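Asks: Quick one: the structure is below, questions incoming.
Please treat every number below as a calculation from the coordinates, not as lab data. Just so it is clear, the structure is predicted and the values come from calculations on it, not from any experiment. Reconstructed Cβ throughout: ideal geometry from the backbone, glycine too, with neighbour counts over all protein chains shown.
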Amino acid sequence: MKKTLRYKTYWLGVFGLFLGLGNPVLGAPISEDRLPQAKNYYVDALSGDDSHSGLSAQQAWKSLKRASQATLAPGDSLLLRRGTWHRGQLEIKNVSGNKNAGIVIGAYGQGQRPIIHGDGASYAVAVKNAEYITVRDLELTNKGVERMARRGGLLIEARDCGVMHGIHIDSLFIHDVNGSLCKECGNGAGIYINNGGEKVKSAFCDLLIENCHLLRTERNGMIWNSDYYDRRKWFPSMNTVVRYNLLEEIPGDGIVPIGCDGVLIEYNLMRRSTPLLTPPESAAGLWAWSCDNIVIQYNEVSDMKAPWDGQGFDADWNSLNTTIRYNYSHDNEGGFLLLCDAGDQREYSLGNRDIRVNYNLSIGDGTRTAEVRGKKLSPLICMFGNTSNTIIDHNVFHINSRLITEGDPSFVGAGNWYGEADSTAYIKNVFYSSESSGFKMGASTRNYFEDNWYLGQTEPSTLDASARRKSEGYDAVLHEDPTGFIPLLRLTKPRKVCGAEMRVVDPEAMKAFFERL
């Protein structure tokens, strides 16, 4: 029964997303209607007592250990007093609300969010084998004496429990988590989402993460792990939504779903990446790995500084049907976009296929000058390995001075990763560079160029029979501001995310811009 409901929910959500008919299922927060028997449990680090009943503010418990022992039922709430500080771990395990009455973990009273310091353990808060649960309005931090692999702020886990539905993470402030900076060693992250198990296949359905501020969570922002990313044992999490989050001073990857089907990443701001990673560590901003039906839209990513990769956006390994649109990318050292897949893993990977990249704005990306793995690699669009059926159209790529004598001058750079890119179309894009730039297609096959603008010092692709070398509309942009920032930002509109202003592409402004070119 759970499996039937799981797939019915998924298709309703996908049709609602792509047809624009509203979104009653995909990413909808769970209901928090109260039941007659529902209870509020209170935790007060200042004046609570674990011998109390916990059923009122006056009878509050004191410790996270006691709070973790609460037997929570549909409609119940576990509330920490605002303005208080806890050291240790809060673990919510083996509890279930329902779609009409969820369980809430949150705050009460006046003042700042309650703070939980994880004391250097693996997490500050964990939600394990639980469903129809909301965690909100908490501040989490977890800094140990030394860095530790797999250290995080929040852990969400489903293991040997089946499909966990309706988990909603809202308005958390997670900061100063010193996990490992080594990807192969286990990373560290602000939020970990893990699913697996050999006895009972386990995953998530309708996971929503929104309105969270992640600051200095090292190595990564939010990252998933799944035992079932392999196509031979494919069991994806369904309907994953990540929106309206602010990620700052994070040296590694920003938001990376893994082993999911139906992913929406929108209205997230990632900025001011810190240069803590050492070669040959790699990272990118917003992307999915081994996922299907992915939409990454209306985001802003800047300042990526990873020694390898370092792009704002990425369509990656073993993924089908990725759409990257209406995003604003700028000042990312590795470039705007990575498209990649290893071609030697066909027994458990379907490749990276059916990618659409449209109506994005990239200004000043691709400024890396350092040599890593024997290369100075920072093309605006980097293609490695066995990607196929990609359409890149109606994007504006504006490159100012890229220190061409020291860095990579190309708009597109294609390379071998046990295979080459195949069937890639570039249609009606603006390629502007103030210095000599071109296209390095390598051994990639069946490339198609049509009606692109090659402006400034850009050398047109020899494959584009309808290449355009002049645009009065773009001349007006350069006349106003050669850097492009002032006039091109009119193609975006502001949004507020966790109190910070971000810019996302305005679809109507972008489409009107192309009509004027």
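Asks: Using every pair of alpha-carbon atoms in region 289-493, split the distances into 5 Å bins beginning at 0 and state the percent of pairs per bin, rounded to integers.
Replies: 2, 8, 16, 21, 22, 17, 9, 4, 1, 0, 0
Asks: Next question. How long is the gain from Lys65 to Gln110 if the chain were fully straight, where each residue apart is worth 0.36 nm and the alpha carbon distance is subtracted? Can you show the working numbers first?
Replies: Details: separation 45, 0.36 × 45 = 16.20 nm, distance 2.34 nm.
Taking 0.36 nm per residue and subtracting the Cα distance, the gain is 13.9 nm.
Asks: Related question: Work out how far the C-alpha atoms of region 130-274 reach from end to end along every principal axis, then list the three figures in whole Å, largest first.
Replies: Extents along the principal axes, in whole Å: 37, 30, 22.
Asks: Taking every DSSP beta bridge that has both residues in region 363-517, what percent is antiparallel when rounded to the nearest 5?
Replies: On the way: 7 of 36 bridges.
In region 363-517, DSSP labels about 20 percent of beta bridges as antiparallel.
Asks: Can you tell me what share of the DSSP beta bridges in the chain is antiparallel? A percent to the nearest 5 is fine.
Replies: About 5 percent, rounded to the nearest 5.
Asks: Shifting gears a bit: Using Cα-Cα distances under 8 Å and only pairs 6 or more residues apart, what relative contact order does the chain have, in percent? Intermediate values should be presented prior to the final figure.
Replies: On the way: 1674 pairs, mean separation 37.6, N = 517.
Reported relative contact order: 7 percent.
Asks: Summing +1 for each Lys or Arg and -1 for each Asp or Glu, what net charge is found among the other residues whose Cβ lies under 10 Å from the Cβ of Gly419?
Replies: Details: positive: Arg346; negative: Asp341, Asp344, Glu420, Asp422.
Computed value for this residue: -3.
Asks: Mean shadow of the chain, computed from the convex hull of its alpha carbons, in nm²?
Replies: Across all orientations, the chain yields a mean hull projection of 24.1 nm².
Asks: Tell me, what is the Rg over Rh of region 104-149, with Rh the Kirkwood radius over Cα pairs? Each step should come with its number before you reach the end.
Replies: Details: Rg = 12.6 Å, Rh = 12.2 Å.
My calculation puts Rg/Rh at 1.04.
Asks: To the nearest 20 debye, what charge dipole does the chain have about its Cα centre, counting +1 at the Cβ of each Lys and Arg and -1 at the Cβ of each Asp and Glu?
Replies: Details: 56 positive and 61 negative charges, 260 e Å.
Charge dipole of the chain: 1240 debye, to the nearest 20.
Asks: Still on this model: Determine, for Tyr328, Tyr418, the number of other Cβ atoms within 10 Å of each Cβ, and report the residues in order from fewest to most.
Replies: Values: Tyr328 24, Tyr418 13.
Lowest count first: Tyr418, Tyr328.
Asks: Let me ask something else about it. Relative contact order for region 289-493 using alpha-carbon pairs under 8 Å, separation at least 6, rounded to a whole percent? Don't skip to the end; give the middle numbers.
Replies: On the way: 599 pairs, mean separation 30.4, N = 205.
Relative contact order of region 289-493: 15 percent.
Asks: State the extension gain, in nm to one decimal, for the chain segment bounded by Asn100 and Arg495, taking 0.36 nm per residue of separation less the distance between their alpha-carbons.
Replies: Extending this stretch completely gives an extra 139.0 nm.
Asks: Still on this structure, I have one more. Using only the Cα atoms of region 282-353, build the gyration tensor, take square roots of its eigenvalues as a ≥ b ≥ c, and label the shape rounded, prolate or oblate: rounded if a/c is under 1.5, else prolate if a/b is larger than b/c, else oblate. Please list the in-between numbers first.
Replies: Working: a/c = 3.24, a/b = 1.50, b/c = 2.16.
Oblate, because a/c is 1.5 or more while a/b does not exceed b/c.
Asks: Still on this model: Counting other beta carbons within 10 Å of each residue's own, what order do Thr278, Thr369, Thr134, Thr217 fall into, fewest first? Walk me through the intermediate numbers first.
Replies: On the way: Thr278 11, Thr369 14, Thr134 23, Thr217 31.
Ordered from fewest to most neighbouring Cβ atoms within 10 Å, Thr278, Thr369, Thr134, Thr217 come out as Thr278, Thr369, Thr134, Thr217.
Asks: Further question on the same structure: Just want the ordering: Tyr348, Tyr432, from fewest to most Cβ atoms lying within 10 Å of their own Cβ. Each step should come with its number before you reach the end.
Replies: On the way: Tyr348 13, Tyr432 24.
So the residues, fewest neighbours to most, are Tyr348, Tyr432.
Asks: Mind giving me the FRET efficiency for Tyr348 and Ala73? R0 is 41 Å, r the Cβ-Cβ distance, nearest 0.05 is fine.
Replies: Details: r = 41 Å, r/R0 = 1.00.
Calculated transfer efficiency: 0.50.
Asks: Report the local net charge at Asp137: Lys and Arg +1, Asp and Glu -1, summed over other residues whose C-beta lies under 10 Å from its C-beta.
Replies: Details: positive: Arg82, Arg113, Arg136; negative: Glu139, Asp170.
Summing Lys/Arg as +1 and Asp/Glu as -1 gives +1.
Asks: Same structure again: What's the FRET efficiency of Glu184 with Ser56 using the Cβ-Cβ distance as r and R₀ = 35 Å, to the nearest 0.05?
Replies: Details: r = 50 Å, r/R0 = 1.42.
Efficiency at R0 = 35 Å is approximately 0.10.
Asks: What spacing in nm lies between the two simple spin-label points modelled at Lys376 and Asp475, each 7 Å away from Cα in the Cβ direction?
Replies: With each label point 7 Å from Cα toward Cβ, the separation is 3.4 nm.
Asks: May I ask you to compute the full-extension gain from Arg272 to Ala512, defined as 0.36 nm times their residue separation minus their alpha-carbon distance, rounded to one decimal in nm? Each step should come with its number before you reach the end.
Replies: Numbers: separation 240, 0.36 × 240 = 86.40 nm, distance 3.11 nm.
The span from Arg272 to Ala512 would gain 83.3 nm if fully extended.
Asks: Here's a follow-up. Would you mind getting me the FRET efficiency between Asp230 and Arg159? Use the beta-carbon distance for r and R0 = 25 Å, nearest 0.05. Could you put the intermediate results ahead of the total?
Replies: Details: r = 17 Å, r/R0 = 0.68.
Efficiency, rounded to the nearest 0.05: 0.90.
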